[in-house]
Amino acid sequence: MITRIEVESKDKGKVAVPAKLLLDTIKTFGDEPLTFNLNKQTYMIEVSSLRGKFKVAAMNGEEFPKIPVVEKANFVDLPSTVVSEAIERTLFATASDDLRAVMNGVFCEMSPEGITFVATDAHRLVRYKRKDARSQSNVTFIMAKKPLNLLKSSLPQNDSKVHIEYNEANAFFTFADSKLICRLIEGKYPNYEAVIPKEAPNELIVNRALLLSSLRRVSIFSSKTTHQVRLKIEGSQLTINAEDIDFNNEASEVLSCNYAGADMEIAFNSRFLIELINNMPSEDVLIRLSLPNRAGLFVPASQGSDSQEDLLMLLMPVMIS
């Protein structure tokens, strides 16, 4: 991460500072000026405030790791809000798998038709598309979780442009007075399109806030091993049920819904389901189902065909026990 700030100084210099020690000190100050004096022979920094002085042992700035240079890079300019939203909607679904490193990041696909961000951990999948953001060529890469978290917290919350350059090894994000450079994850991302059901004839629309609060209550009574909750749909009635046989605990709630399809019962891991519903941006959730052993599709109910945003979430069911 590279960032610039305005200072008052007559001198020039380069120094590497212990980040945690300096940060822990600076964040205790209020809005007051600080003066930094560097001894270029000993690389000792003296930080002066209105009430005291602090000395920090630094290092020669020339020994700091060299910054990667952009070579043979493609580029795309995206609004800051689009990048932030794409990260927000997908990051939670990434895996933490040492054996399959590609699934620990977010798959980014840029094309003249639009952009696509995908994350999956084999139990759930999130695909986020934008039609209003395009690249000049077809390029794909996989971004790691840690730099994406850093990028999300650093992006300006406005429509300013984020300039993204990328090659086979690195991605470069330039925005405002900052630049983030990160190494990409090497490898081939799984064919995520193959796991998305082509047909899911049973469609359920339910209020997101009501569903989320019911799931949080009922899941407290689920098995601490399986975290299973069952959804039973009959007509316009959705019954959410969970039980823990080991401790003889059980809970059930009923919600009204709009449902078109055959009556069915399906079970999900409550932790995954709650996190998925919590990251849904709409007031109502549209759930598409086919069979109790096939993945359920979750999309915003208000997402129209003319929308520039296309969000789809998938969750694999668990065997009803």
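The values are calculated or read from the model by the stated rules, or taken from the named source; none is laboratory data. Every value quoted in this text rests on a predicted model; they were computed, and no experiment measured them. Neighbour counts run over all protein chains shown; Cβ positions are idealised from the backbone, glycine included. The protein model used for the area step is the full one, side chains on, heavy atoms only, and it has no ligands, DNA or RNA in it. Shrake-Rupley method; radii C 1.70, N 1.55, O 1.52, S 1.80 Å.
Summary of computed values
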| read-out | value |
| --- | --- |
| Single residue of Val102, Val118, Val106 found to be part of a helix (DSSP H, G or I) and β-branched (Val, Ile, Thr) | Val102 |
| Scan of the range 1-52 for residues that are assigned to a strand (DSSP E or B) and polar (S, T, N, Q), ordered by number | Thr3, Thr35, Asn37, Asn39, Ser48 |
| Qualifying residue in the range 120-130 (condition: β-branched (Val, Ile, Thr), closer than 19 Å to Asn167 by Cβ and either open to solvent by 10 Å² or more (accessible area, probe 1.4 Å) or at pLDDT below 95 (or both)) | no |
| Residue list for the range 147-194, restricted to those being of a type outside the set (Ser, Thr, Tyr), open to solvent by 20 Å² or more (accessible area, probe 1.4 Å), in a helix (DSSP H, G or I) and touching a residue at least 12 places away in the same chain (Cβ under 8 Å) | Pro147, Asn149, Leu150, Lys152 |
| Residue under evaluation Ala260, criteria (1) in contact with a Phe, Trp or Tyr (Cβ under 8 Å, 6 or more places away or on another chain); (2) open to solvent by 10 Å² or more (accessible area, probe 1.4 Å); (3) of a type outside the set (Asp, Glu); (4) in contact (Cβ under 8 Å) with a residue 24 or more places away in the chain, criterion not met | (1) |
| Residues within the range 88-121 that are touching a residue at least 60 places away in the same chain (Cβ under 8 Å), over 19 Å from Ala171 (Cβ atoms) and over 10 Å from the mean Cα position of the chain (by Cα), tallied | 1 |
| Odd one out for Pro197 among (1) over 20 Å from the mean Cα position of the chain (by Cα); (2) open to solvent by 20 Å² or more (accessible area, probe 1.4 Å); (3) at pLDDT below 95 | (2) |
| Asp77 being acidic (Asp, Glu), closer than 30 Å to Thr120 by Cα and in contact with a His (Cβ under 9 Å, 6 or more places away or on another chain) | yes |
| Any hit, the range 279-287, residues being surrounded by 17 or more Cβ atoms within 10 Å (Cβ to Cβ), charged (D, E, K, R), in a strand (DSSP E or B) and within 30 Å of the chain's Cα centre (by Cα) | yes |
| Residues of the range 288-303 satisfying the condition of being more than 21 Å from Glu88 (Cα to Cα) and open to solvent by 30 Å² or more (accessible area, probe 1.4 Å) | Arg288, Leu291, Pro292, Asn293, Arg294 |
| Near pairs, Cβ below 9 angstrom, 6+ apart or cross-chain, from the range 1-17 (over 19 Å from Lys66 (Cβ atoms) and charged (D, E, K, R)) to any residue that is part of a loop (DSSP other than H, G, I, E, B) and open to solvent by less than 100 Å² (accessible area, probe 1.4 Å) | Glu8/Pro33 |
| Yes/no for Glu85 being among the acidic types (Asp, Glu) and more than 30 Å from the chain's Cα centre (by Cα) | no |
